[in-house]
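Shown next, in structure tokens, is the structure this report addresses.
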Amino acid sequence: MGYDAESRLVTVTGAATASFTYDGDGKQVKSIVGGVTTYYVGQHYEKKGTTVTKYYFAGATRLAVRTNGTLSYLLGDHLGSSSVTTDTNGVKSAHKNPTARGFYPSGGFASA
């Protein structure tokens, strides 16, 4: 693993490879993980390959996500995590199940 002068992770090598780029304010603006490039514009927009994702907030709470034009709403649980997504009709489209210790596994949501 490699770090920059500000102690931010910039490279990972080994079984998996990754690199990370930050702007002048220290916010991540680009990552390359396993050959897939993702660009970040604040916390509201990202582009990973050909997939464009926009996030919608009310204050600091993320309420919805639009991926390639498809809008989904994020529903919080008692821990404040987004554990369920629904489509615009309120039908559950994905979920995360906590482990026995109450933690959510890393990675994306599972299909409903």
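Where a number appears in this text, it was derived from the coordinates with a stated rule and is not lab data. None of the values given here were measured: they were computed from a predicted structure. As a convention, Cβ positions derive from the backbone with ideal geometry for all residues, glycine included, and neighbour counts pool all protein chains shown.
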Region 2-48: Rg to Rh, with Rh as the Kirkwood radius over Cα pairs: 0.98
Dipole of region 2-48, positive end: most advanced residue of GLY24, GLY42, GLY2 [Cβ charges, Cα centre]: GLY42
Length added when fully stretched, ALA16-THR51, from 0.36 nm per residue minus Cα-Cα: 10.4 nm
Amide proton proximity set for LYS30, modelled H, under 5 Å, gap of 5+: THR21, TYR40
Label-point separation in nm, ASP4 to VAL33, each point 7 Å along Cα→Cβ: 1.8
